[in-house]
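Since every read-out is calculated from the coordinates, none of them should be taken as a lab result. Quantities reported herein were computed from a predicted structural model and do not represent experimental measurements. Don't worry about glycine lacking a Cβ; one is built from the backbone with ideal geometry, like all the others, and counts go over all protein chains shown.
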Amino acid sequence: MYFRYDSRKNGGERMKFSNRFWLIVAVMFVCTSVWPVLGQTDAAATTEETPEIPGSVDMSLGVKDTTYVMPENFRGKETGEGDQQWLEDVGYLMQENSDLYNVDAAAIAESANFEGEPNINWEVKKEDADGNMNTESSDNTNKATNDSNIKDPGYYQVHNGGARQVSTSGGAEGEAIGDSGSDSGSESGGAASGEETASAGNEGDASGAAGGDAQTVTAQQRIGIEVHDCTAPDMWVAFQEGAGTVNMAETEEALKAQMVGKIIENMGKPFSTDAKAFEEASYIFLEEGEDSDRDSIPWEKTARLSIAGTLFNERGAPKFESGKLSSKIDQNDYTNHVNVIGGEGKSLKGVYVRRNVPFIIAAISTDNGNKRATAGEVEVKIEDADGKVVEKEGEGYLFRVPNYPRSEYKDQPDYFFTTSAVDKDGNLTTIRMPLYVVNTQAAFEGGRNQ
Amino acid sequence: MNKRSILLFVTIIVGLSVSLFAQDGAGANKETPWLEGVTIGPHPEELSPVLPLKIYLENGEAIPATLTEDVSVTLVADTAIFDPEPPSEYNGTEIPSPKWTRNAAVSWFFIDWEKNKNVAASSSQQLAVNQMVVTPLNPTGKGAITCHIGRKMRYTSPETGKNKGTFANSSVAQDVRVLDITPPTCGLEVSVQGGRSGTFWVAENPPHKYPLPKLADVYFSGALVKEADPAEIITVQGLELGANMVVAPETAAVYVPADAVLNIKVNGEDNYKLDTAKLKYGICKIASGEPIPISPLNAAEVALAELTLPENPYLYVDATDVAGNRQVLFVPLIVK
């Protein structure tokens, strides 16, 4: 009823209503025009003096899609630290925001204006063993979202640094440097001009902003991120016989030391694909494969199995073969297990050693947890079908009675070679394959009668 | 004006207001493309102290507003983030039991606002964590050195009584401009009838050399330089980059027939801004180290037969950048 209007009333009432109406309209216009400004400037100073532009402002930073962000207590992590739990090789879309990215600079300072677009930099730092944060990547994208895909486990910080030029007086145009007068330039000429001005700090106002009163205002924020290892360790296994003209390593330790050097040097990949390189020792290489495969997301991880040398077929023929294996992921803790089972019908049928020929076995493992920078020894075993471990004779293994072909030596036990490597996060690589003791003459003179 | 009209009017006004706000939002997306896809607000939801930061020269003096390209300055960052304990109060809010839990992470950048590009500073020297050597490599009229420092800390949440992790942040910028001390690196391309040509160009080598003088190599190629092998690139090394770059005829020259009409094109290069109004090139002789033009200035076509050539004519390019650095390159012109 407040706005009731009766055309039959006299002119005074009409005038009264009209005034009231236009007052309301005016109030509404004032509200609509002032409202957004008030909203933008609530953080700004309201003093009548020229407002001071702050050197920096705060910033928010987070992951936009948290689907694959693991819970805070993932893999036993302490809660309350505020660190995010990520999986290696999974891309996470980061986003950040700051008052520096607004349309206008009212939230920075009253009457302030932005000069141009913000400068936005995304940086990833990794903590080393001494606790120092070292830069892994730095990308000047000038975008407030960024895909972060960290490919190696460890503790990281994703950092966003923002900056923008802010002025309170409409800003200043860019000023050509050294443009203080063409005469001075041409008089000094060439290198001489540099000599006159090259000492840093001799020119300019030490405290003022260059190029006018535009001032660079910064913002930054970081997030701590624990990136978890989801990759099974690489493993190399070497079998080296001590017969014939082959120069057997003096001890097993010597072979291991040689392998440690090579596995680090080759980042876990086979040191050669030439079968001739494996005349002294036969190798099993089990690793993540090509670089493109090494960046697979945890639930699509694969492994490459390579067998090289003379001991992986009954004829003793040298070869180098590679194949891809799938890796099995644990759906709870996202650890991977690469499991190689050898045998008839498998890509790895078994290892064929000669009777009466001593041999040694060494296994070395390296992990992406420290970018394959170190390697460690892995326990190997030869056991029978009941799990009874076959002991070494001296420094190596020696079998005097053949068990291959199995059909001819049914009374002889089955032997299995087993080994496994596990990293600190529980990613596992295991190999189990038959070990055949070959009657030397039959094996190397196959096709003739014994 | 009846009640219905008034309500209609009010509705229009409200609708107009709403549409204005909506347009403002859509406009924000157009005006702030860097925020595309961002769904979080501009302020952190949890406590995250922003601490003051000062950066200055290692001798304690303020960073000058003008630096010089290729000249290093060692800077120091000064902030409470390097204190033994984190702040126990921020913006009037108590921070109970604060402890640092990680080392400070420090990042330095140089922003060239003229290009809106930054370069992350890194030093091969062993420095304290709060120090950085910054060497501006490219001139700019509008730049800034920025320093960003963050450190993980832990405190006791007053609400839950449990530990809580957050970051203390410090960042600041010093606006600077970077003086150009490198002369231009201009060259010429010369061709004659029949398609034969010769080109020479200049590259600073080693790049960013300091102290002065700057050095440069001059490269030559083409049939007018070496008719037997036009593809070969001849390098004249170690000339002082400046106003007296004279190539000796025994190292390289441009050979042309006496009746040739030369087509000359200049390749103007500078590491910042060339003063094109001062650019001169053509054929000259040298007197007191200065080029005395024989051909019309900056002529695209020069008929040798119309010139009175001196005993030792040169092709030359005389270039100056906006900072006044001057390059004059003289290349022997041998008329057969």
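May I ask you to derive the FRET efficiency for A:Asn356 and B:Ser288 from their Cβ-Cβ distance with R0 = 60 Å, giving the value to the nearest 0.05?
0.05
Averaged across B:36-47, how many Cβ atoms of other chains sit within 10 Å of each residue's Cβ atom?
So the per-residue partner count for this stretch is 6.
Using the structure shown, list the pairs from A:Lys64/B:Lys164; A:Lys125/B:Lys54; A:Lys77/A:Lys269 with a Cα-Cα distance above 29 Å, or answer none.
In this structure, A:Lys77/A:Lys269 lie more than 29 Å apart at Cα.
How far apart, in nanometres, would the label points at B:Ala277 and B:Glu46 be if each is projected 7 angstrom from Cα along the Cα-to-Cβ direction?
5.9
Over what distance in Å are the Cα centres of the range A:66-84 and the range B:170-249 separated?
Here the two parts' Cα centres lie 57 Å apart.
Convert 10 °C to kelvin, take the viscosity as 1.306 mPa s, use the Kirkwood radius over C-alpha pairs of the range B:224-273 as Rh, and evaluate the Stokes-Einstein diffusion coefficient in µm²/s, rounded to a whole number.
In µm²/s, the coefficient rounds to 115.
Between A:Arg406 and A:Ser296, 0.36 nm times their residue separation minus their Cα-Cα distance comes to what?
Residue separation times 0.36 nm, minus the Cα-Cα distance, leaves 35.6 nm.
How large is the translational diffusion coefficient of chain B in µm² per second when you combine the Kirkwood radius over alpha carbon pairs with Stokes-Einstein at 20 °C and 1.002 mPa s?
84
Given R₀ = 22 Å, FRET efficiency for A:Asn149-A:Glu78 by Cβ-Cβ distance, to 0.05?
Efficiency computed from Cβ-Cβ geometry: 0.30.
Would you calculate the separation in nanometres between label points at B:Glu159 and B:Glu301, each defined as 7 Å from the Cα along the Cα-to-beta-carbon direction?
8.1
Return the calculated 222 nm mean residue ellipticity for chain B, to the nearest 500 deg cm²/dmol, obtained by summing -39500 (n - 2.57) across DSSP H runs with n ≥ 4 and dividing by the residue count.
Calculated from helices alone, the mean residue ellipticity at 222 nm is -3000 deg cm²/dmol.
For the range B:143-242, what's the relative contact order in percent, using C-alpha pairs closer than 8 Å and at least 6 residues apart?
Reported relative contact order: 19 percent.
What's the magnitude of the charge dipole for the range B:53-179 around its Cα centre, counting Lys and Arg as +1 and Asp and Glu as -1 at the beta-carbon? Answer in Debye, nearest 20. Kindly include the intermediate steps, with their values, before the conclusion.
Details: 12 positive and 13 negative charges, 113 e Å.
Around 540 debye, computed over the range B:53-179.
For chain B, take the longest principal axis of its alpha carbons; what is the angle in degrees between that and the long axis of helix B:3-31, to the nearest 10 within 0 to 90?
Tilt relative to chain B: about 50 degrees.
Using the 10 angstrom Cβ neighbour count as an exposure proxy, how do A:Met267, A:Met133 rank, fewest first?
A:Met267, A:Met133
Obtain the radius of gyration and the Kirkwood radius of the range A:385-436 from its C-alpha atoms and give Rg over Rh. Could you put the intermediate results ahead of the total?
On the way: Rg = 14.3 Å, Rh = 13.2 Å.
Computed over Cα atoms, the ratio is 1.09.
Could you work out the mean projected area of the convex hull around the alpha carbons of the range A:234-444, in square nanometres to one decimal? Mind dumping the intermediate values first?
Details: hull surface 47.5 nm².
Approximately 11.9 nm², given one-decimal rounding.
Of the options B:Thr160, B:Thr93, B:Ile149, report the single residue whose Cα projects farthest towards the positive end of the charge dipole of chain B (beta-carbon charges: Lys, Arg +1; Asp, Glu -1).
In chain B, that residue is B:Thr160.
Run the simple label-point estimate for B:Leu309 and A:Glu52 please: 7 Å along Cα→C-beta, distance reported in nm.
Result: 7.2 nm between the two label points.
Roughly speaking, what is the stretch gain from A:Asp139 to A:Glu377, that is 0.36 nm per residue apart minus the C-alpha to C-alpha distance, in nm to one decimal?
Details: separation 238, 0.36 × 238 = 85.68 nm, distance 3.87 nm.
Taking 0.36 nm per residue and subtracting the Cα distance, the gain is 81.8 nm.
Just name one of A:Tyr409, A:Leu325, A:Leu311: the one whose Cα is farthest towards the positive end of the charge dipole of the range A:234-444 (beta-carbon charges, Lys/Arg +1, Asp/Glu -1).
Most positive-ward Cα: A:Tyr409.
How large is log10 of I(q)/I(0) for the range B:53-179 at q = 0.10, 0.17, 0.20 Å⁻¹ when the intensity is taken from the Debye formula with one equal scatterer per alpha-carbon?
Log-scaled intensity ratios, in q order: -0.39, -0.86, -1.05.
Based on C-alpha coordinates, I'd like the Rg and Dmax of the range A:69-138, in Å.
17.8, 51
How many Cβ atoms of partner chains, on average, are near each residue of A:91-103 if near means within 10 Å of its Cβ?
Mean shielding by partner chains, rounded to a whole number: 4.
Just to verify a number: FRET efficiency for A:Leu93 and A:Ile341, C-beta to C-beta distance, R0 = 45 Å, to 0.05? Don't skip to the end; give the middle numbers.
On the way: r = 39 Å, r/R0 = 0.87.
After rounding to 0.05, the efficiency reads 0.70.
Expressed in nm to one decimal, what extension gain is obtained for the pair A:Asn132 and A:Thr440 from 0.36 nm per residue of sequence separation less their Cα-Cα distance?
Full extension of this stretch gives 105.1 nm more.
Just going by the charge dipole of chain B, with Lys and Arg at +1 and Asp and Glu at -1 on Cβ, which of B:Thr185, B:Ala319, B:Asn169 is farthest out on the positive end?
It is B:Asn169, whose Cα lies furthest towards the positive end.
Give the Rg (one decimal place) followed by the Dmax (whole number) of the range A:356-415, computed from C-alpha coordinates and expressed in Å.
Taking only Cα atoms of the range A:356-415, I get Rg and Dmax of 16.0, 48 Å.
Return the subset of A:Lys371/A:Lys392; B:Lys209/B:Lys280; B:Lys226/B:Lys265; A:Lys256/A:Lys392 for which the Cα-Cα distance in this structure is over 23 Å, preserving the input order.
On the way: A:Lys371/A:Lys392 34 Å; B:Lys209/B:Lys280 26 Å; B:Lys226/B:Lys265 19 Å; A:Lys256/A:Lys392 17 Å.
Those over the limit are A:Lys371/A:Lys392; B:Lys209/B:Lys280.
When all alpha-carbon pairs of the range B:187-335 are counted, what percent fall beyond 21 Å?
On the way: 4415 of 11026 pairs.
Tail fraction, whole percent: 40.
What is the spread of the Cα atoms of the range B:126-262 along each of their three principal axes, largest first, in whole Å?
Ordered largest first, the range B:126-262 gives principal extents of 94, 29, 28 Å.
Quick check: the distance between the Cα centres of the range A:105-131 and the range A:291-349, to the nearest angstrom?
Spelled out, the Cα-based centre of one part sits 46 Å from the other.
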